[in-house]
Structures are given as C-alpha cells and as structure tokens.
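See structure below.
The values are calculated or read from the model by the stated rules, or taken from the named source; none is laboratory data. Here the structure is a predicted model, which means the values were calculated and not measured. We place every Cβ from the backbone using ideal geometry, glycine too, and count neighbours over all the protein chains shown.
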C-alpha cells in the first residue's frame, strides 16, 4: 500500500561518507543534541545499522554525514532535525 500525502520540498544533498576528506565522528549524546532527537533514537539507528559507526574504547562514534542521511529518510525525523536540531540554523533547509 502506498503512502499518501505531499512529498517534502526539502532537498538535502547526499554526500557519501567515503568522499569526505576528514569525516566527523560524534558520540551518541552529541549526535542526539545536534539532530534534535533522543539518544534512544540514535541507539536504535546503530542497532539497525542505518548509520555508519565505529567503536572506540567501548564508546560508539557515529559518522556525521551518515547521521544526516538517516535523519532525512523519514518525514518525522526530518522535521525534528529541522525544527529542534542543527537544521534550525540553516536557512536553506527551512524553505
């Protein structure tokens, strides 16, 4: 069954993590604060392997570009990212 409704007008460029010259790695708490979602949502994305991550000294580090791509996959996460997270400071994404 196909979902109905308007498609979001927001276009965020996809940058593959491998192309980033110096990838930015965030802890779970940093990723949650910057994205405007809870830590449990970030842990869930790691559990489902929806984001690129590494384990360093028993701590998860999440690739920032893969986190943004994950947040833009669903409307609910995208709205939280734009309204509560880092997206509220980017004028280009608000329109």
Fill in the blank from the handout: Picked from segment 21-46 (must be part of a loop (DSSP other than H, G, I, E, B) and touching a strand residue (DSSP E or B) at 6+ places or on another chain (Cβ under 8 Å)), the residue farthest from residue 63 (Cα to Cα) is 27
Exercise for the section: Spot the failing condition for residue 18; the list is (1) modelled with pLDDT under 85; (2) assigned to a helix (DSSP H, G or I); (3) touching a helix residue (DSSP H, G or I) at 6+ places or on another chain (Cβ under 6 Å), and only one is missed. Expected result: (3)
Exercise for the section: Identify, by number, the condition in (1) in contact with a helix residue (DSSP H, G or I) (Cβ under 7 Å, 6 or more places away or on another chain); (2) more than 17 Å from residue 25 (Cα to Cα) that residue 48 doesn't meet. Expected result: (1)
Fill in the blank from the handout: Of the residues in segment 21-37, those that are modelled with pLDDT of 95 or more and surrounded by fewer than 13 Cβ atoms within 10 Å (Cβ to Cβ) come to 29
Handout entry: Residue ID - surrounded by the fewest Cβ atoms within 10 Å (Cβ to Cβ), chosen from residues in segment 61-95 that are in contact with a helix residue (DSSP H, G or I) (Cβ under 7 Å, 6 or more places away or on another chain) and assigned to a loop (DSSP other than H, G, I, E, B)
Key = 72
Practice task
Considering every residue within segment 47-60, establish whether at least one is surrounded by 17 or more Cβ atoms within 10 Å (Cβ to Cβ), part of a helix (DSSP H, G or I) and modelled with pLDDT of 90 or more.
Solution key: no
